[in-house]
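The structure under discussion appears below in the form of structure tokens.
Quick note: the coordinates plus some simple rules give every number you see, no bench work behind them. As the structure is a prediction and not an experimental result, all values here were calculated from the model. Note: ideal-geometry Cβ built from the backbone for every residue, glycine included; neighbour counts use all protein chains shown.
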Amino acid sequence: MPVPPASRERDAAPDIGPILASQLAIEFASLRAPGNCPTGIYVVPTVESLSRWAGVFFVHRGPYAGAILRFALVFPRQYPRVRPQVFFESDVFHPMVDPKTREWHPHGKLAQWKPHVDHVANLLHELKASFKSPSLEACKESEAVNKQVWSMYHHSLQTFLSLTAQRARQTSTRHTLFDERDTRRGAAPASTHVLTSPASPQIGRQRDDQLIRFTELDDPAVQRLWADLRRSLGER
């Protein structure tokens, strides 16, 4: 079994000083600028520390299209001299994800982190790009941390595509998206048409490992959202 992210982090900083705290606050605020945070990626600092952010990645295109992947973005004490780490909460079948630790390793320019030049926005854009075919093609065997997946992509593409599609479907199941404990705590139960109803990310403070939570929408809620969207676009 992979080791939980919290126990694999490279000198993580749960108690950070004011200088690092201000740097991380600036990094987080910068993601609100247009184009800085990639579409489909949501991040929020955890309750336990500003040096650990919770994230969700909705993969829209490429071999992993349809996958919904939770991850942790962990800042070491040496940040910004040392690159932040990205750990997925579940197994990810990817040549740049270590199968033992679930840590994602960038290749190319970000493999050599440049302080005050590279920022969180760069890292998140590279994370998103790494799940698309051009980045998978460009990844050299020497850069891959999962050689088996790299070899499958380059030598048995159809098998690779079949496995990634299957795993993408698994990440969007009811068991994966919705916390069944919410129902036991008295929350309203989810509707029965699970896989056809949209899911919306909500930021809460229930647990540090799932600050970004999902609430399943029933048909009336979906219709209200569409109506609000049409109004925001000036439609009647």
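May I ask for the Rg/Rh ratio of the range 5-172, computed from Cα atoms with Rh as the Kirkwood radius, given to two decimals?
Result: Rg/Rh = 0.96.
Which of ARG32, ARG230, ARG83 has the fewest other C-beta atoms within 10 Å, and how do the rest follow up to the most?
Lowest to highest Cβ neighbour count: ARG32, ARG230, ARG83.
Take the Cβ-Cβ distance between LEU229 and GLN148 as r, set R0 to 41 Å, and report the resulting FRET efficiency rounded to the nearest 0.05.
Computed FRET efficiency for LEU229 and GLN148: 0.45.
How high is the FRET efficiency from ASN122 to GLN78, r the C-beta distance, R0 25 Å, rounded to 0.05?
Numbers: r = 18 Å, r/R0 = 0.71.
Here the calculated transfer efficiency is 0.90.
Sort 87-96, 60-69 for me by packing, meaning the mean count of neighbouring Cβ atoms within 10 Å per residue, highest on top. Present the calculation step by step, with values, prior to reporting the outcome.
Values: 87-96: 20.9, 60-69: 18.2.
The peptides rank, most packed first, as 87-96, 60-69.
Kindly state, to the nearest 0.05, the FRET efficiency for SER90 paired with SER162, given R0 = 22 Å and r defined as their beta-carbon distance. List each step's numbers first, then the result.
On the way: r = 19 Å, r/R0 = 0.86.
Step by step, r from the Cβ atoms, then E = 0.70.
Taking θ = phi - 60°, what integer Hz values does the Karplus form 6.51 cos²θ - 1.76 cosθ + 1.60 yield along the range 74-87, in sequence order, with x for Gly and Pro?
My calculation for the range 74-87 gives 10, 9, x, 4, 7, 4, x, 5, 10, 5, x, 9, 10, 10 Hz in order.
Need the full-extension length gain, ALA138 to ILE26, defined as separation in residues times 0.36 nm minus the C-alpha distance. One decimal, nm. Spell out each step's value before the answer.
Values: separation 112, 0.36 × 112 = 40.32 nm, distance 3.20 nm.
Here the segment from ALA138 to ILE26 would lengthen by 37.1 nm.
Quote the charge dipole size of the range 61-188 about the Cα centre in Debye, to the nearest 20; the model charges only the Cβ of Lys and Arg (+1) and of Asp and Glu (-1).
Numbers: 19 positive and 12 negative charges, 47 e Å.
Dipole magnitude for the range 61-188 comes out near 220 debye.
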